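Enquirer: Below is the structure I would like to discuss, written out as structure tokens.
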Amino acid sequence: VTPPQNKQERFLSRMALNDNKAGMEGLDRDKINKIIMESSKGSKFYENELKREQQVNRRIEKMMLQKAQITEQQLKKAQVQVEKTASVLEMSRDLSRVIVHVDMDAFYAAVEMRDCPELKDKPMAVGSMSMLSTSNYHARKYGVRAAMPGFIAKKLCPNLVIVSTNFDKYRAVSDEIREIFADYDPHFQPMSLDEAYLDFTDHLEQRQSWPESSRLSSFENLPQESALEETDLSPVLFEDSPNSSLGLLGSEGAAGDAFEVFGTSVEEAVREMRFRIEQKTRLTASAGIAPNTMLAKVCSDKNKPNGQYRLPSTREAVMDFIENLPVRKVCGIGKVSEKMLNALSISTCSHLGQQMALLSLLFSETSWHHFMEVSLGLGSTFIPRHEERKSMSTERTFRELSKAEEQFSLCRELCEDLAEDMKKEDLKAKTVTLKLKNVNFEVKTRALTLPYAVATVDEIFAVAKDLLKTEIENESPQPLRLRLMGVRVSAFVSLDDKKPLQKSIIGFLQPGKTESSGSSKDMHQNLEKENHSLQAVKSSTKANDNKNAASDVSENELVSPVEAHASTSGCGGTSSETLTCPVCFRRVETTDLNIFNSHIDHCLNDPTRKPNQSTASDSESDLDLENDHQESEVVHRRRGECEAEGEMSKNSEELSRDSPHEGQQSLKNSSVQKGPLIKGDSKDVTSQQPQSCNSKGPVLICPVCQLTQETDDLTVFNHHVDLCLNQQVLHELGGQTSSSRNPPAVKNINIRGKCVYYMKLFSTFSLNTNPILCTFSLCCMTALETRCEHNVGILSPFK
DNA sequence: ATACATACC
DNA sequence: TACTGGTATGTAT
């Protein structure tokens, strides 16, 4: 965090040594940087880095200009908003979870050292002369680190031994440590081969009541019988491994006491886990213990290698910890963000907090929200199950390749590899992206999204080839002088049989009826029929020289109902079952989602389509919905929140994509402000009693608690609603708190879980006619869709 | 939707 | 001689 020393460094922060990592404290930076510069200067790589550096500098200059134009008044106003947001965020602080981040020490290097004792005392790194993956701690003393090319590392440390990578070996070790992780948190999230987040909360609760014999002794393996006595929740004891290095944990463990057993505290549990890792793999891990992932990550680095650090779960401890924490240590703040922040004299997290008003004016909403969370020491308190992959790619670097013919055949090879990988996961993708890097290190990407999905080599290559051809033609008569080519696929369509869970939403729309997988299947079939006709239309109207891609279209892919609808508007469902519209509450005699969706569309845009019109009271006119802006505004509002929470953003995006965005009227016209939208325990929409609203101040009424909120800041208001919903859910579940004895019921109160509870809540209340509530409900459904991993897309018509 | 940039391991 | 490869996401258009 030392500011750049001299001119050269100021302009070459991209090249200079990054001593952010553990084991690199107190190095002679100047000397090391001098060597790095000497090795790099004049190279194409260096020139390109210089260029990019200047781009960043321009970006910073722009930002400073913007800063200079900010008035005191603007800043004051921003300060008020920022403080409001902060206080809301503060209320959402959850210190009840115990999150652990585990990280193997110099993983690849450690594996190689373990398997080759020769290397033990030598500076070594894993990788090649071109690029290193990691280095051991000995080598780090010379400034040799991951992501450094081997030839430069050799200059820094002529005795450096470079070992090439053995990924199969690392994967095998990774499997071993993951088995151990699973004993402490079956839902742990691996971040890479050597790293994972774990939620220890449940383990710790159970651990309290375990007899000593179920915990692990550091020096004595217990007889197998005692392990077998335990339920499957007990940690599995490791097998005897007499050669394992005893006493390595002595400094923190039970040196000298051969019978000591790991205790019940978090720290003891984590020590036990690390000890088991060491026993099993003869490799050491470090860990961080904290109330959220962001902090746990930083903590795991604190006592690296072979150490752990616990940050107590109190606000005070968290704030103290944050105080002098360099922003660069925080996950998500990299070289560029650091440099931009440094330009604003921000280097630590407390600076971040002090400058939030300014930051909110200079950075995007997502960015400053992240900064704000960081400055408050907030982070995710729950470990999401592993997300569906969003893209898959393969790329290769080589020495200059300029002949078009060779470029095409390389491109085909890449497609072959990619198709093979896709097959393993049964993926089909609609977007193909070609990546090119020329000998000057300039990177280009060219993408094409198809109306159909591709999976085979020929299909992918047909697209990639065209993209490549275009680039070659654009450059001709000069050849493309490439040093890298890559192909990526994304926008996967879900395969039919992989997504059986859609039924829950149908069930939701068929009150009183249990959802049947049959109806879900029908929908798929309907969609597929239309899909075929759509393909027919598209492929017949498109003059496409790309035979494979155009003709060999799969039967399985799904096209969104709205697209299908557009091409086959007359197509109807055949079933006589009904769905209940969440807007007007009328039954719609169809199971055809296209028809049903059109109906909902209509309802949302049509103010007369509210039930119980007659019960609308004097202020009904205030609830005017007579234009699309109203709805789009509400949707837009939700969208902002969804994105801020990192959840549902994709689907929310769909919701609002084609909404008129110019309709950004004041929320004062929105129904939120006018009156209670929900009667807390009532299913009867007639009990709605919209208040007349003459108040002039910024007042919104929470649809959950119905209390007046004195704010017009939507972020603030949304957070309030979120909190309210959570409290309602807790109440519904029997007044349990987060420290409840019944964690399964409430432990998932969090971004993802919350959505599910929203759902419950609204089922209880029944759906309301109010647009904002409908939007809530739709978000719920969206979230459920996401969670259920299916793709029928009941919301797609809102595109 | 596309391109490019940033970030992480 | 020589500066990666894979994935996700943010930013800008």
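Readers should treat all values here as calculations from the given coordinates under stated rules, not as data from a laboratory. None of these values were measured; they are calculated from a predicted model. Cβ sites come from the backbone with ideal geometry, for glycine too, and all protein chains shown count toward neighbours.
Enquirer: With charges only on Cβ, +1 for K and R and -1 for D and E, what is the dipole size of region A:7-124 about its Cα centre, in debye, rounded to 20? Numbers along the way, then the final one.
Expert: Values: 23 positive and 20 negative charges, 163 e Å.
In total the dipole reaches around 780 debye.
Enquirer: Can you give the Kirkwood hydrodynamic radius for region A:83-174, in Å, rounded to one decimal and based on Cα pairs?
Expert: Values: mean 1/r = 0.0663 Å⁻¹.
Here the Kirkwood hydrodynamic radius works out to 15.1 Å.
Enquirer: Need one number for region A:383-466: average projected area of the convex hull over its C-alpha atoms, nm².
Expert: The directionally averaged projection comes out at 7.0 nm².
Enquirer: State which entries of A:K44/A:K154; A:K51/A:K335; A:K21/A:K141; A:K62/A:K435; A:K169/A:K435 exceed 18 angstrom in Cα-Cα distance in the structure shown.
Expert: A:K44/A:K154; A:K62/A:K435; A:K169/A:K435
Enquirer: To continue, here is another question. What residue among A:Q407, A:S375, A:A419 has its Cα farthest toward the positive end of the dipole of region A:304-435, where the charges are +1 on Lys, Arg and -1 on Asp, Glu, each on the Cβ?
Expert: A:S375
Enquirer: What distance in nm separates the simple spin-label points at A:A182 and A:E260, each placed 7 Å from Cα in the Cβ direction?
Expert: 3.1
Enquirer: Still on this model: Quick check on the exposure proxy: order A:L378, A:L119 from fewest to most C-beta atoms within 10 angstrom.
Expert: Ordered from fewest to most neighbouring Cβ atoms within 10 Å, A:L378, A:L119 come out as A:L119, A:L378.
Enquirer: Checking the a/c ratio against 1.5 first, then a/b against b/c, what shape does the Cα gyration tensor give for region A:1-119?
Expert: On the way: a/c = 3.15, a/b = 1.26, b/c = 2.51.
Taking the square roots of the gyration eigenvalues as a ≥ b ≥ c, region A:1-119 is oblate.
Enquirer: When a footprinting reagent is the concern and you count Cβ atoms within 10 Å, what order do A:L341, A:L193 take, fewest first?
Expert: Details: A:L341 22, A:L193 19.
The most exposed by this proxy come first: A:L193, A:L341.
Enquirer: Mind checking which of A:M113, A:V126, A:M37 is farthest towards the positive end of region A:1-134's charge dipole, using Cβ charges of +1 (Lys, Arg) and -1 (Asp, Glu) about the Cα centre?
Expert: A:M37
Enquirer: Another one. By the gyration tensor of its Cα atoms, with a ≥ b ≥ c the square roots of the eigenvalues, what is the shape of region A:72-121: rounded for a/c under 1.5, prolate for a/b over b/c, or oblate? Before the final figure, lay out the partial values.
Expert: On the way: a/c = 9.94, a/b = 2.86, b/c = 3.48.
It comes out oblate by the Cα gyration axes.
Enquirer: Which residue, A:Q478, A:I460, A:S490, has the largest displacement toward the positive end of the dipole of region A:422-490 when charges sit on each Cβ (Lys, Arg +1; Asp, Glu -1)?
Expert: Selected residue: A:S490.
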